[in-house]
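Every read-out reported here was derived from the displayed coordinates using simple, explicitly stated rules and does not represent laboratory data. Note that this is a predicted model, so its numbers are computed, not measured. Cβ placement follows ideal geometry from the backbone for every residue including glycine, while neighbour counts extend to all protein chains displayed.
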Amino acid sequence: MSLGIKQGVAEASPPAVPPLPASVPPAIGPEETGIVGLTPGPVDDVGVGHLHPSNVTSLLGSNWRSSPILHASWLRSIALPIYIGPNGDHWGWLINGWLIPNGSGPIAVGRDATFSMVQADRGLYSFPVLEVRPDGWFRFQYTPAGSAWAHTAHLNVGALSLTIEPWEEQIQEAYQVEFRKHGLSQPLRSVPRGSGSLRSLVVPNSLIRPLEVQGDWVRVQVVQPVRGCTPLPGSTTDEGWMRWRDTRQTLLVWFSTEDGCE
């Protein structure tokens, strides 16, 4: 998990923080029954990374289930102005667990409207960030059919600071990954290049543990075949390089949300 702000973008002439809504309701925790998309489908666009709290240390220990930011609870402590586009009109706020469009009443996250989030790590729901511009504007998915723009200069406006974590950092910290597309197999190569010699083929019923990331390639330890976390008779262990995203920058793998196999 990311433990600090990692925007990696220039913030030239950021927009001023717009006025808060005239009336902000008391903070509420989102209704989890109204949050969908936690495990994205094979063709869902999950973009370049995800938006979540900067400090996630409360989710790292054995008492993670009592974390104040558990799942989507962190939304009750944020204040993020959202826009219709880069340098466009201010549209509204995500604040205190509410979506408040300008000139409209507050909408409770997960209760009054369905929100779209993903779970890329244990105990934490986050928003997929679809793109990040060099000037600090970024677009994130927050409903199944809608996205919004915000600016990295505003990630610290609320009581809880936020960060954008690129998927290459998430995959390097993940305990294990699995293929997003059912039945997909991947070449395991000796070097992080398509021209590298083929070591083996990584099949779906494999235990894949990331070791190192270079560009679109990840060095992995692969145990296959397995059933869950249990190696089957005749299983083998190998290390090599495979693609974690394709040439169109589409994510080929997803992340285990568990601590790992005991």
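Residues in the range 81-88 carry Karplus couplings, in order, of x, 10, 10, 7, x, x, 6, x Hz; the curve used is 6.51 cos²θ - 1.76 cosθ + 1.60 with θ = phi - 60°, and Gly or Pro positions show x. Taking the average, over residues, of other Cβ atoms within 10 Å as the packing measure, peptides 173-182, 111-120 rank 111-120, 173-182 from highest down.
Over the range 160-262, Cα pairs under 8 Å with separation of 6+ residues give a relative contact order of 28 percent. When peptides 76-88, 92-104 are ranked by their average number of other Cβ atoms within 10 Å per residue, the highest-first order is 92-104, 76-88. Each stretch of four or more DSSP H residues adds -39500 (n - 2.57); spread over every residue of the chain, this sum gives -500 deg cm²/dmol at 222 nm.
Overall form of the range 32-167: rounded. Here a/c, set by the Cα gyration tensor axes a ≥ b ≥ c, is under 1.5.
Using the Cα gyration tensor of the chain, with a ≥ b ≥ c the square roots of its eigenvalues, what is the shape: rounded (a/c below 1.5), prolate (a/b larger than b/c) or oblate (neither)? It comes out prolate by the Cα gyration axes.
For SER54, nonlocal amide neighbours, meaning residues 5 or more places apart or on other chains whose placed amide H falls under 5 Å from its own, are SER161, LEU162, THR163. Pairs of Cα atoms nearer than 8 Å and 6+ residues apart set the relative contact order; for the chain it is 20 percent.
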